[in-house]
1. Of the residues 68, 20, only one is over 20 Å from residue 109 (Cβ atoms) and at pLDDT 95 or above; which?
2. Only residues in segment 80-105 that are within 18 Å of residue 31 (Cβ to Cβ) count as the first member; pair them with residues that are modelled with pLDDT of 95 or more and surrounded by fewer than 15 Cβ atoms within 10 Å (Cβ to Cβ), Cβ under 9 angstrom, at least 6 apart or cross-chain, and list the lot.
3. Please specify each residue of segment 5-19 satisfying the condition of being within 9 Å of the chain's Cα centre (by Cα) and free of Cβ contacts under 8 Å to residues at least 40 places away in the same chain.
4. Those residues that are surrounded by 18 or more Cβ atoms within 10 Å (Cβ to Cβ), over 11 Å from the mean Cα position of the chain (by Cα) and either without any contact (Cβ under 8 Å) to a residue 12 or more places away in the chain or within 20 Å of residue 122 (Cα to Cα) (or both), I need them from segment 40-64; list them, please.
5. Return the residues of segment 89-113 that are at negative phi and exposed (fewer than 15 other Cβ atoms within 10 Å of the Cβ); say none if nothing qualifies.
């Protein structure tokens with residue numbers, strides 16, 4: 001299974017490294033990326049077939065905020081997951097992201113392994129108990 005993933009990240013180095021890491025260590029297939037809130041919301045609005053399973057959002061963008069992107073995808077299918085990856089993963093921000101529908105929040109500085117593990121679990125969910 002490929003986890004079709006879209007990234008909202010304005011730092012090209014972080015974005016490229018993240019895509020490489022997730023494609024190598026998890027079953028992530030990057031569909032594309034956006035650097036601004038408006039571009040991300042436009043992409044989401046164009047997804048009539050909703051061909052994505054994971055959206056990874058940074059909070060601070062070249063234009064707008066990851067919170068606006070998070071709010072724009074509140075009405076998604078149950079199999080679509082949205083996570084926030086930010087250097088600003090304070091307790092208050094984690095709570096705010098959860099209120100806006102984030103499935104998880106990861107700190108860029110020390111929770112990349114946890115993000116990889118999260119993606120692996122989405123790719124290979126445990127079989128149902130017999």
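The values are calculated or read from the model by the stated rules, or taken from the named source; none is laboratory data. Just so we're clear, the structure is a prediction, and the values are computed from it rather than from any experiment. Glycine also receives a Cβ, built like all others from the backbone with ideal geometry; neighbour counts cover every protein chain displayed.
1. 68
2. Between residues of segment 80-105 that are within 18 Å of residue 31 (Cβ to Cβ) and residues that are modelled with pLDDT of 95 or more and surrounded by fewer than 15 Cβ atoms within 10 Å (Cβ to Cβ), the close pairs are 82/101.
3. none
4. none
5. Correct list: 90, 91, 92, 95, 98, 99, 109, 110, 113.
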